[in-house]
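Heads up, the thing below is written out as structure tokens.
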Amino acid sequence: MSDNRIRQIVILGGGTAGWMTAAALARGLHGTGTAIRLVESEEIGTIGVGEATIPTIHWFNQIVGLDERQFMAETGATYKLGIEFVGWNGEGSRYLHPFGTFGPPGDGVMFLHRLIRARLAGFDAPTEDYSLNAQLALQGRFAQPSADRRSLLSTLGYAFHFDASLYARYLRKLAEAGGVRRFEGKVSTIDQHPETGFVRSLTTDRGDVLEGDLFIDCSGMRGLLIEQTLGVGYEDWSHWLPCDRAWAAPSAPEERVTPYTRATAAEAGWRWRIPLQHRTGNGYVFSSRYQDDDAARASLIAGMDSPPIADPRLIRFLPGRRRKSWDRNVVAIGLSSGFLEPLESTSIHLIQSGIAKLLALFPRRDGSPLAADQFNRIYAQEMDDVRDFLILHYAMTQGRTEPLWQACQAMEIPETLARKIEHFRASARLVLSTDELFRDASWFAVMDGQGIRPADYNPAIEGHSIEDTIAHLQSVRAAIRTTAAAIPALQRITPDRAAV
């Protein structure tokens, strides 16, 4: 039997996506004899700004063997317990999308129905009172989740803010230690098989020829292999997600840590604020249909807590995804597979999700289309699910009268999202598939925060009286307050001290 294994992998592009892919493949394919090479040019910039993540980042960090404290020190990382949305329901409004779950351990989805039942009976029950994660975030405290399922600490979840360029540099060290070879240069020639169209090699402007059996396109939004070479096509989502540009600028670091990301609605989009150890990341995601670049730049600076310490940088993008992320022997990972704005910090997750799917469906050299078809199907569904979650924020905004927001409130939303909203309004049920990234607590937090109020709840909880239900809620709220108060506050994070 002939040897049909993948022997040579070429990764086009470094940055966060390229080095995450390189580090994960070096670890995942260890011992197989597969050569992994990465080509990038220092002359080509990357999108990387201050990066915010979601709790799935722990899976990737474990896969590549990161030590959390060392990783935080080397990437300027801080803890992240959720995302605060300011002004999305008009000036002065705010709500928090906390990580973790609501209520006591083990109650999960049914606790949300108990909360809604009590509200319908007139009980004043602020949502954030029933999330330990939310209380720690708002009070500037932090604790590691507990493995004890009986403990309130088991309801916690956390992620990180970090410097994307430092993260890529850190992963590069791990990848190269695992045998990955880096080549400096721009790709000048792409050689394809004349009959199949499979990519056979890349040639750089320095004369290096990189032959491969499998090519990973991490070239960013230009999609040099997946789009410019193979022409798979792009599905434009700008009719649902109108923002197409962003200004980004750093400012001085905080004196005291804020353990959450802030997303503030503005006149033609929204501003982000991401606290790191050595600086604060700021940005303004906006629609060029409703505001020109100069006005948006001024809006970013005016909305910052302190002056920028470097010139703002403009990033242009088109929201959407490739019609295929795997075509022939090319797999697109990261921005080359599509772009979803960072409203819910999903960029890093989608990179690691693509890597996980590639490892699970790792092909042989003959390039059977079955693996590619499965990858494209499940990855496209994940992108669609995240897209709907982002659209929810725009479409259900209330209390804003600017033209952008009026257009969003009037737009026709995807049927998949409309069905979720209809179910929640009617009965507080969150109709999710088993594979969706954002689970019940996240959908509830945003729907509730955006002002969607259910008219009913799951009748299965009516085995207890409304009086007992309210008493239960009061005891849960008291337990969360007591637990939060016993957890120490975060101090300023410094490079030699991940958390205090």
Next on the checklist: For a quick check of your reading of the model, give me the residue pairs whose first member lies in segment 420-437 and is under 17 Å from Met383 (Cα atoms), whose second is part of a loop (DSSP other than H, G, I, E, B) and of a type in the set (A, V, I, L, M), with beta-carbon atoms closer than 9 Å and at least 6 apart or on different chains.
Outcome noted: Lys420/Leu430; Lys420/Val431; Lys420/Leu432; Leu437/Ile54
Item to check | Any chance Arg377 is basic (Lys, Arg) and either under 27 Å from Ala168 (Cα atoms) or not in a helix (DSSP H, G or I) (or both) | outcome: no
Item to check | Hits in segment 383-439 (condition: among the polar types (S, T, N, Q), crowded, with 21+ Cβ neighbours inside 10 Å and in a helix (DSSP H, G or I)) | outcome: none
Next on the checklist: Considering only segment 117-129, I want to know if a residue exists there that is of a type in the set (Val, Ile, Thr) and modelled with pLDDT under 95.
Outcome noted: no
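Every residue, every condition in (1) surrounded by fewer than 19 Cβ atoms within 10 Å (Cβ to Cβ); (2) assigned to a helix (DSSP H, G or I); (3) among the charged types (D, E, K, R), yes or no:
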site	(1), (2), (3)
Ala118	no, yes, no
Gly122	yes, no, no
Leu136	no, yes, no
Phe162	no, no, no
Tyr167	no, yes, no
Tyr170	no, yes, no
Lys173	yes, yes, yes
Ser188	yes, no, no
Next on the checklist: Condition first: farther than 30 Å from Pro55 by Cα and among the hydroxyl-bearing types (Ser, Thr, Tyr). Now tell me which residues in segment 290-345 satisfy that.
Outcome noted: Tyr290, Ser299
Checklist entry - How many residues does segment 232-245 hold that are touching a strand residue (DSSP E or B) at 6+ places or on another chain (Cβ under 6 Å) and assigned to a loop (DSSP other than H, G, I, E, B)? => result 3
Next on the checklist: Looking at segment 1-20, I want the residues that are of a type outside the set (Ser, Thr, Tyr) and have a partner that is modelled with pLDDT under 90 with Cβ atoms under 7 Å, at least 6 apart or on another chain. Which pairs are those?
Outcome noted: Asn4/Arg365; Asn4/Asp366; Arg5/Arg365; Ile6/Arg365; Gly15/Thr46; Gly15/Gly48
Checklist entry - Is it the case that Ala356 is assigned to a helix (DSSP H, G or I) and either in contact with a Pro (Cβ under 9 Å, 6 or more places away or on another chain) or at pLDDT 95 or above (or both)? => result yes
Checklist entry - Counting just the residues of segment 74-89 that are of a type in the set (Phe, Trp, Tyr) and in contact with a strand residue (DSSP E or B) (Cβ under 6 Å, 6 or more places away or on another chain), which one comes out farthest from Tyr394 (Cα to Cα)? => result Phe85
Next on the checklist: I need every pair where a residue in segment 473-500 that is closer than 30 Å to Leu120 by Cβ and modelled with pLDDT of 95 or more has its Cβ under 8 Å from the Cβ of a residue that is of a type in the set (D, E, K, R) and not in a loop (DSSP other than H, G, I, E, B), sequence separation at least 6 or different chains.
Outcome noted: Leu473/Arg114; Arg477/Asp129; Ile480/Asp129; Arg481/Asp129; Ala484/Arg141
Checklist entry - Only one of Ala298, Ala310, Ala265, Ala248 is surrounded by fewer than 23 Cβ atoms within 10 Å (Cβ to Cβ), of a type in the set (A, V, I, L, M, F, W, C) and assigned to a strand (DSSP E or B); which? => result Ala248
Checklist entry - When you look at Gly451, is it outside any helix (DSSP H, G or I) and either of a type in the set (Phe, Trp, Tyr) or touching a Ser or Thr at 6+ places or on another chain (Cβ under 7 Å) (or both), yes or no? => result no
Checklist entry - Filter segment 138-160 for residues that are part of a helix (DSSP H, G or I) and aliphatic (A, V, I, L, M); which is nearest to Asp456 (Cα to Cα)? => result Leu152
Item to check | Test: Met110 is outside any loop (DSSP other than H, G, I, E, B) and either of a type in the set (Val, Ile, Thr) or assigned by TED's automatic domain parsing to the domain that holds Gly354 (or both) | outcome: no
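Each row is one residue, and each column tells you yes or no for (1) in contact with a Pro (Cβ under 7 Å, 6 or more places away or on another chain); (2) surrounded by fewer than 22 Cβ atoms within 10 Å (Cβ to Cβ); (3) modelled with pLDDT of 95 or more; (4) assigned by TED's automatic domain parsing to the domain that holds Tyr170.
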position	(1), (2), (3), (4)
Arg182	no, yes, yes, yes
Glu211	no, yes, yes, yes
Asp217	no, no, yes, yes
Thr261	no, no, yes, no
Asp292	no, yes, yes, no
Item to check | Which listed residue, of Glu227, Glu254, is acidic (Asp, Glu) and at pLDDT 95 or above | outcome: Glu227
Checklist outcome for this item: Going through segment 30-62 in order, the residues found to be modelled with pLDDT of 90 or more, touching a helix residue (DSSP H, G or I) at 6+ places or on another chain (Cβ under 8 Å) and not hydroxyl-bearing (Ser, Thr, Tyr) are Ile36, Leu38, Glu40, Ala52, Ile54, Ile57, Trp59, Phe60, Asn61
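The values are calculated or read from the model by the stated rules, or taken from the named source; none is laboratory data. The structure presented is a predicted model; accordingly, all values stated were derived computationally and were not measured. Cβ atoms come from the backbone with ideal geometry, glycine included; neighbour counts cover every protein chain shown.
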